[in-house]
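Let me begin by presenting the structure, written as structure tokens, before commenting on it.
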2 protein chains.
Amino acid sequence: MSSTKQRLLDGALTAIREHGIAGASARTIAAAADVNQALIFYHFGSIDDLLSAACHACTATRVKEYSKQLSNVSSMRELLQVGRELHEQEKTLGNVSVLAQLLAGAQNDDRLAAPTAAALQLWINEIESVLDRLLNGTPFGEVADRPGLARAISVAFIGLELYEGVDEAGARQVFAALDQLSYLEEIVNDLGRISRRALRSKISRAVRKKTPSRPHS
Amino acid sequence: MSSTKQRLLDGALTAIREHGIAGASARTIAAAADVNQALIFYHFGSIDDLLSAACHACTATRVKEYSKQLSNVSSMRELLQVGRELHEQEKTLGNVSVLAQLLAGAQNDDRLAAPTAAALQLWINEIESVLDRLLNGTPFGEVADRPGLARAISVAFIGLELYEGVDEAGARQVFAALDQLSYLEEIVNDLGRISRRALRSKISRAVRKKTPSRPHS
DNA sequence: GTCTATAGCTGGATAGAC
DNA sequence: GTCTATCCAGCTATAGAC
């Protein structure tokens, strides 16, 4: 990989972190990369394409970094703990989630939408495989919509990252509340142990009685 | 209220919805408001101040609109249903959450941060009062961190709004999964009825045994 | 591959006539 | 309060020398 290309990828991330998606221009990116501005177009064709490539590379790296920790997670509480560490690291790295900025920018830029969705999907896949492990063997696990839950967890985290930027104390409170909530999982599991079979059939019935959500595209 | 001021507030929202926070410039806003560009500075002083005022007014209106529905909510499932309606309406209104765009912009603009946090707080307060009603009398309600949970729900919703913009089908899946999850609430309540006192003490013990999250600032 | 230079816009903000 | 006109900084993108 040509060193310039790599510098531009890094510079794009720096620019997003320091100026947000709105301020990630050819000039700020080139300055952050310490590279001539015109080289962005030579190597990537457009700003959008550079941002997309940078976001994908950055996300892939971070998913890999956390993949091992996630593979050791054996409860919702532990998953939350990993989320907390990830959140702390994001804050240290520059107080902004690159993915959240791209998501915001993608709302009104069609060329950014698909690459951003693809980057987010990397996290979703990772979370889904954690859920697979956690839910196997539990009463709820037999009927749980794991892809849906994985998406819910991932996008909720994005929202939290954005919230952190405007209310740090509030974000801490969210983590405290989720921590508390995660204890309910164990309690439900305990209760389940009391009459596991009854619980299982109750869950199946309750969940299935609702209008089936037909997959749609 | 001078009609021009109101037109500018509306125009700012239109511009955010159509172009995102990055494209909400004096010129696009003035065009959407059908008002001379220089009047933004006469009436509001700066773009940031206009955006802040518009965001606050818009959020206050929408909170009021949904306040009655929220006051009738008597279960998590119903709360989710209101969330779904709100989400559908946002989509119809222009496929973008104004608050989410402001939140993204506020990450790197200090003058936007506090007003955005204040607007978001309007939703958080509303959700918190719903939680107060829902949790009163339940075993978990006695120890639940309601302000924290209200924030968690609110910011998760913001994340979902952003996700919708890049993956519509994925967002639908999230709602389906949450719907499914919301049935667990009833099941847990049922189980609780079996041995309510045992459950209550179990929850209290479990939740309190963790490191107390000291309020911090 | 990298540079300078520049075209052609759009940005926030202000001055000053009315 | 509203308008025109304008300053100047910043923007994306390209042309063309090296």
**Asked** Considering only segment B:1-37, how many residues are of a type in the set (D, E) and modelled with pLDDT under 95?
**Response** 0
**Asked** Of the residues A:S25, A:S46, A:S75, A:S52, which single one is among the small types (G, A, S) and under 27 Å from A:R172 (Cβ atoms)?
**Response** A:S75
**Request:** Being away from chain A (no Cβ under 14 Å) and under 24 Å from the mean Cα position of the chain (by Cα) is the filter; apply it to segment B:30-60 and report the residue that is surrounded by the most Cβ atoms within 10 Å (Cβ to Cβ).
**Result:** B:A54
**When residues of segment A:1-29 are limited to those that are without any contact (Cβ under 8 Å) to a residue 24 or more places away in the chain and assigned to a loop (DSSP other than H, G, I, E, B), the one surrounded by the fewest Cβ atoms within 10 Å (Cβ to Cβ)** = A:M1
**Message:** Of the residues A:A15, A:A106, A:A32, only one is in contact with a Ser or Thr (Cβ under 7 Å, 6 or more places away or on another chain), more than 25 Å from A:L149 (Cα to Cα) and more than 10 Å from DNA strand D (Cβ to nearest atom); which?
**Reply:** A:A32
**Fill in**
Going through segment B:128-161 in order, the residues found to be modelled with pLDDT of 95 or more, at the interface with another protein chain (Cβ under 9 Å from one of its Cβ atoms) and more than 28 Å from B:L93 (Cβ to Cβ) are B:D145, B:R146, B:P147, B:G148
**Request:** For segment A:79-94, indicate whether the set of residues that are within 19 Å of B:A152 (Cα to Cα), touching a residue at least 12 places away in the same chain (Cβ under 8 Å) and more than 15 Å from the chain's Cα centre (by Cα) is non-empty.
**Result:** no
**Asked** Could you say whether any residue in segment B:33-56 is part of a helix (DSSP H, G or I), within 12 Å of DNA strand C (Cβ to nearest atom) and of a type in the set (V, I, T)?
**Response** yes
**Asked** Out of A:S204, A:S182, which single residue is more than 8 Å from chain B (Cβ to nearest Cβ), modelled with pLDDT of 85 or more and farther than 22 Å from B:V166 by Cβ?
**Response** A:S182
**Filtered residues of segment B:100-111 (kept if assigned to a helix (DSSP H, G or I) and within 8 Å of another protein chain (Cβ to nearest Cβ))** = B:A100, B:Q101, B:L103, B:A104, B:G105, B:A106
**Item:** Neighbours by Cβ (under 6 Å, 6+ apart or cross-chain): first from segment A:155-173, part of a helix (DSSP H, G or I); second at pLDDT below 95
**Value:** A:E161/A:S97; A:A169/B:S217
**Request:** Check segment A:81-99 and report whether any residue there is farther than 26 Å from B:L102 by Cα, within 12 Å of chain B (Cβ to nearest Cβ) and surrounded by fewer than 20 Cβ atoms within 10 Å (Cβ to Cβ).
**Result:** yes
**Request:** Filter segment B:95-152 down to residues that are β-branched (V, I, T) and closer than 20 Å to B:M76 by Cα, then give me how many there are.
**Result:** 5
**Complete:** All-but-one check, A:W123 against (1) in contact (Cβ under 8 Å) with a residue 40 or more places away in the chain; (2) surrounded by fewer than 17 Cβ atoms within 10 Å (Cβ to Cβ), failing number (2)
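The values are calculated or read from the model by the stated rules, or taken from the named source; none is laboratory data. Quick caveat: nothing in here was measured; it's all calculated off a predicted structure. Because the Cβ atoms are built from the backbone with ideal geometry, glycine has one as well, and the counts that use them run over all protein chains shown.
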